[in-house]
Every structure is written in structure tokens, then in C-alpha cells.
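Before any comments, here is the structure.
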Amino acid sequence: MAAATGASSLFAAIGSDSPAALYRYLTTDIAGLSAVTVVNLTPVLRTVKAATTQYSARRSPIPAR
């Protein structure tokens with residue numbers, strides 16, 4: 001969910017492989033649009049998928065003492 005207020009009237013979500021790729025996209029493709037005069041960027045980092053250890057229901061992850 002997002003809201004744009006003040007001088008902004010457009011919100012966009014962009015996924016990027018790296019900060020360098022995001023910078024390149026903003027400074028070439030977006031900067032080339034004549035209607036775009038200012039860009040404000042707020043990076044939001046979120047883990048979408050991560051490897052984890054999975055335990056079966058038959059075995060407790062806590063070792064017996």
C-alpha cells in the first residue's frame with residue numbers, strides 16, 4: 001500500500017537485481033522521459049524468499065538433554 005501526497009502524484013514499484021541496475025534504469029530510461037522532472041527514491045528492502053532449515057513433524061528441532 002502506498003500513498004503519494006504533496007508535490008508527487010505518481011507512485012511506482014520497481015524491482016531490480018542490484019543498486020547499480022536500479023541507478024542505471026533511473027538515470028537512463030526514466031531520466032529520458034520529458035515529463036519527468038524530479039525523482040524521489042525510497043528503497044524498501046524486503047526478503048521475498050530465503051532458504052531455511054525444515055524440520056519434519058516426527059523430529060523436534062530442540063535436542064534432548
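FYI, it's all coordinate maths here, none of it is from the lab. Keep in mind that what you see is a predicted model, and the values were worked out from it rather than measured. So basically every Cβ, Gly included, is an ideal-geometry build from the backbone, and we count neighbours across all protein chains shown.
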**Prompt:** Tell me, what HN-Hα J-couplings in whole Hz come from the Karplus equation 6.51 cos²θ - 1.76 cosθ + 1.60 at θ = phi - 60° for each residue of the range 12-28, using x for Gly and Pro?
**Reply:** 9, 10, 10, x, 9, 6, 7, x, 5, 5, 5, 4, 4, 5, 5, 8, 10
**Segment L22-N40, extension gain: residue separation times 0.36 nm, minus the distance between their alpha carbons** = 5.2 nm
**Asked** Say each of L33 and A7 gets a label point 7 Å from the Cα, pointing the same way as Cα to Cβ; how far apart are those two points in nm?
**Response** 1.7 nm
**Fill in**
A correct Karplus calculation of ³J(HN,Hα) over the range 37-45, with 6.51 cos²θ - 1.76 cosθ + 1.60, θ = phi - 60°, whole Hz and x for Gly and Pro, returns 10, 9, 10, 10, 10, 10, x, 10, 9
